[in-house]
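Colleague: Encoded as structure tokens, here's the structure I'll be asking about.
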């Protein structure tokens, strides 16, 4: 089968959606499919002998978050002619993900619209009401015209105003990841791994873009009330200066490290050196929580916020495969950290439950098989 993916970005660009797209394309190629990925950007990497990646340079961004690459429509039309895909699989939020559904004509390949999250801008980057109104109309039209629409969790589907208009026509296929490679014998020499290796007490890891909705400020505040816990925070972003100021408070000095962006090898070592992965996000902008899967795959206990309408609680099996706390609650988060610090059997039980749930539900082979079934159904309906 020839599969054309259209993504916002592609590895080595970092992000949960990018990691999923890159690993899905590799998994499909391993099964014998021909795979082509179109994405924004100019960096190189992520290709393999079986996966082609074509990128279009970004000319500007709307609101600083929505990239615009004028060449991407031309690459798409060229791919339809030369690659002749059987299926077009587009990943949203992504402005370029809308027009394959909007412009599809008779006889073209089926278009699968993979709805990773609703479009959301920070208040200080929100486009004008007119632009947003036009965008919502285009989204609604693209959703109606796509041959299939996928949501990543039942909770997100039920809470999304955009997907609600589809009624029962939207399918749920969770995100997934490949099994991690075996742990390396020696830890990479990096400040993050040295910090975790030297920690006494509970070793807490947090991973993600340093944005307000991630709730890392809440985590640092909670850490002040748990003297036995140490935090390594991996990632960069606009909140770095604010979080650095918090980490430099007397109660947290030497107990919190902002490690910045790290390589995949260092990140893997950080997971394996940690007792718990904490994802304290505040809103549905955290639509799924791919870092939870990264931790579960490595049998690391998880602690996350129970945000209404987000997929995080579903990933953690409503608290059976990880602890859940109220979003934004410093006291609940501190209490959960104390539980994990003081109760090693609980921590180990949650880690095992998370690992079992990952293998049963989120391993990439299972996700790729579900998507292949969908592709085959669409192709059969087109005959």
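Colleague: Among the residues of segment 168-190, which ones are surrounded by 14 or more Cβ atoms within 10 Å (Cβ to Cβ) and farther than 21 Å from residue 17 by Cβ?
Modeller: 187, 188, 190
Colleague: When residue 321 is evaluated against the numbered criteria (1) touching a helix residue (DSSP H, G or I) at 6+ places or on another chain (Cβ under 6 Å); (2) under 21 Å from residue 282 (Cα atoms); (3) assigned to a helix (DSSP H, G or I), which criterion, by number, is the only one it fails?
Modeller: (3)
Colleague: Could you look through segment 110-127, keep only residues that are surrounded by fewer than 22 Cβ atoms within 10 Å (Cβ to Cβ) and touching a strand residue (DSSP E or B) at 6+ places or on another chain (Cβ under 7 Å), and pick out the one that is modelled with the lowest pLDDT?
Modeller: 127
Colleague: Another question about this same structure. If residue 61 satisfies every condition in (1) under 17 Å from residue 9 (Cβ atoms); (2) assigned to a loop (DSSP other than H, G, I, E, B); (3) at pLDDT below 80 but one, which is the exception?
Modeller: Going through (1) under 17 Å from residue 9 (Cβ atoms); (2) assigned to a loop (DSSP other than H, G, I, E, B); (3) at pLDDT below 80 one by one, residue 61 breaks only (2).
Colleague: Among the residues that make up segment 200-212, is at least one of them over 24 Å from the mean Cα position of the chain (by Cα) and on the phi < 0 side of the Ramachandran plot?
Modeller: Yes, that holds for at least one residue.
Colleague: State all residues of segment 213-223 that are touching a helix residue (DSSP H, G or I) at 6+ places or on another chain (Cβ under 9 Å), touching a residue at least 40 places away in the same chain (Cβ under 8 Å) and in a helix (DSSP H, G or I); if no residue qualifies, say none.
Modeller: Residues satisfying the conditions are 216, 218, 219, 221, 222, 223.
Here's the yes/no breakdown for (1) outside any helix (DSSP H, G or I); (2) assigned by TED's automatic domain parsing to the domain that holds residue 347; (3) out of contact with any helix residue (DSSP H, G or I) (no Cβ under 6 Å at 6 or more places or on another chain):
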{"site": "227", "(1), (2), (3)": "yes, yes, yes"}
{"site": "230", "(1), (2), (3)": "yes, yes, yes"}
{"site": "245", "(1), (2), (3)": "no, yes, yes"}
{"site": "270", "(1), (2), (3)": "no, yes, no"}
{"site": "292", "(1), (2), (3)": "no, yes, no"}
{"site": "309", "(1), (2), (3)": "yes, yes, no"}
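Colleague: Does at least one position in segment 294-303 carry a residue that is at pLDDT 95 or above, more than 20 Å from residue 184 (Cα to Cα) and within 17 Å of the chain's Cα centre (by Cα)?
Modeller: Taking every residue of segment 294-303 in turn, at least one turns out to be at pLDDT 95 or above, more than 20 Å from residue 184 (Cα to Cα) and within 17 Å of the chain's Cα centre (by Cα).
Colleague: If you don't mind, there's one more thing I want to ask. In the list 241, 281, which residue meets the criterion of being surrounded by fewer than 19 Cβ atoms within 10 Å (Cβ to Cβ), within 29 Å of residue 120 (Cβ to Cβ), assigned by TED's automatic domain parsing to the domain that holds residue 298 and modelled with pLDDT of 95 or more?
Modeller: Exactly one of 241, 281 is surrounded by fewer than 19 Cβ atoms within 10 Å (Cβ to Cβ), within 29 Å of residue 120 (Cβ to Cβ), assigned by TED's automatic domain parsing to the domain that holds residue 298 and modelled with pLDDT of 95 or more, namely 241.
Colleague: Evaluate the following for residue 222: is it in contact with a strand residue (DSSP E or B) (Cβ under 6 Å, 6 or more places away or on another chain), at pLDDT 95 or above and on the phi < 0 side of the Ramachandran plot?
Modeller: No; evaluated as a whole, the condition is false for this residue.
Colleague: Specify the residue that is surrounded by the fewest Cβ atoms within 10 Å (Cβ to Cβ); the eligible residues are those in segment 17-51 that are in a strand (DSSP E or B) and touching a residue at least 24 places away in the same chain (Cβ under 8 Å).
Modeller: In this case the residue turns out to be 34.
Colleague: Continuing with this model, one more query. Hey, among the residues in segment 128-167 that are at pLDDT 85 or above and assigned to a loop (DSSP other than H, G, I, E, B), which one's surrounded by the most Cβ atoms within 10 Å (Cβ to Cβ)?
Modeller: Of everything passing the filter in segment 128-167, 146 is surrounded by the most Cβ atoms within 10 Å (Cβ to Cβ).
The values are calculated or read from the model by the stated rules, or taken from the named source; none is laboratory data. Small disclaimer: the values here were computed from a predicted structure and weren't measured. For neighbour counting, all protein chains shown are included, and Cβ atoms are generated from backbone atoms with ideal geometry for every residue, glycine included.
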